[in-house]
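Here the structure comes first, spelled out in structure tokens, and everything after it is commentary.
The values are calculated or read from the model by the stated rules, or taken from the named source; none is laboratory data. Since we're looking at a predicted model, the values are computed, not measured. Don't worry about glycine lacking a Cβ; one is built from the backbone with ideal geometry, like all the others, and counts go over all protein chains shown. To get the accessible areas, we keep the full protein, side chains included, count just its heavy atoms, and leave off ligands, DNA and RNA. Shrake-Rupley method; radii C 1.70, N 1.55, O 1.52, S 1.80 Å.
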Amino acid sequence: MSFTYDAVGATRGPGPCPPGFHSLHVRTRLGEGGPVFRRAAEALLTWEMHRAVGVGLDAGAERAAPGVDVTVTLAGMIKAPCRVVWTVEEPRLAGWAYGTLPGHPECGEESFVVDRTGDGTVWLTVTAYSRPAKWYTKAGGVAARGLQHAYARRCGKVLRDLCGPAAED
């Protein structure tokens, strides 16, 4: 199966949203310090954060890696097939992005990146660009985009909770 969009990998770096897509950028403070960063990175790279958010997740590998197919199931009914496009694992930066495959209700790419800034603060940044691909996401319009923002905010809250009391600094 091929991706349903052309700008594969565009969430990896700064730059404008591809024409015809809506952008999303949500940043959540997770806490401070190396232990928070390492816990957040591991939860992100092993799908733990996604499972804790409450979506169904069927992944072709135990860790995110380029080429791994992932199907997210929403409300037990809506299947959203994706493929991991890129990953990063560095001392202060970890994350990945997946792109949509045929059958996904949206068309585009979404990345989840944890970074530890110079002052030690740990952040989750969810970046995406998308457009509707199914009749129901087209009909949902602004409400569908609102759900995508709510999902990104929930990812941040869930990941902060997974990091434990040290994240509450």
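Listed values, structure above:
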{"read-out": "Sole exception among (1) modelled with pLDDT under 95; (2) open to solvent by 60 Å² or more (accessible area, probe 1.4 Å); (3) part of a helix (DSSP H, G or I) for residue 131, by number", "value": "(3)"}
{"read-out": "Some residue of the stretch 102-109 being open to solvent by 20 Å² or more (accessible area, probe 1.4 Å) and of a type in the set (Gly, Ala, Ser)", "value": "yes"}
{"read-out": "Whichever residue in the stretch 5-49 is of a type in the set (Ser, Thr, Tyr) and buried (at least 17 other Cβ atoms within 10 Å of the Cβ) and, among such residues, is modelled with the highest pLDDT", "value": "28"}
{"read-out": "Sole exception among (1) in a strand (DSSP E or B); (2) at pLDDT 95 or above for residue 67, by number", "value": "(1)"}
{"read-out": "Pair list, Cβ under 6 Å, 6 or more apart: the stretch 73-88 residue β-branched (Val, Ile, Thr), other residue part of a strand (DSSP E or B) and surrounded by fewer than 18 Cβ atoms within 10 Å (Cβ to Cβ)", "value": "73/56; 73/79"}
{"read-out": "Which listed residue, of 144, 97, is in a helix (DSSP H, G or I) and open to solvent by less than 60 Å² (accessible area, probe 1.4 Å)", "value": "144"}
{"read-out": "Matching residues in the stretch 19-49 - criterion: being in a loop (DSSP other than H, G, I, E, B) and under 20 Å from residue 8 (Cα atoms)", "value": "19, 20, 21"}
{"read-out": "Identity of the residue in the stretch 30-49, more than 17 Å from residue 120 (Cα to Cα) and free of Cβ contacts under 8 Å to residues at least 40 places away in the same chain, that ends up farthest from the chain's Cα centre (by Cα)", "value": "42"}
{"read-out": "Residues of the stretch 50-82 satisfying the condition of being over 14 Å from residue 155 (Cβ atoms), of a type in the set (Gly, Ala, Ser) and open to solvent by 50 Å² or more (accessible area, probe 1.4 Å)", "value": "60, 75, 76"}
{"read-out": "Where residue 52 falls short, out of the listed (1) under 19 Å from residue 148 (Cβ atoms); (2) part of a strand (DSSP E or B); (3) in contact with a helix residue (DSSP H, G or I) (Cβ under 6 Å, 6 or more places away or on another chain); (4) in contact (Cβ under 8 Å) with a residue 60 or more places away in the chain", "value": "(2)"}
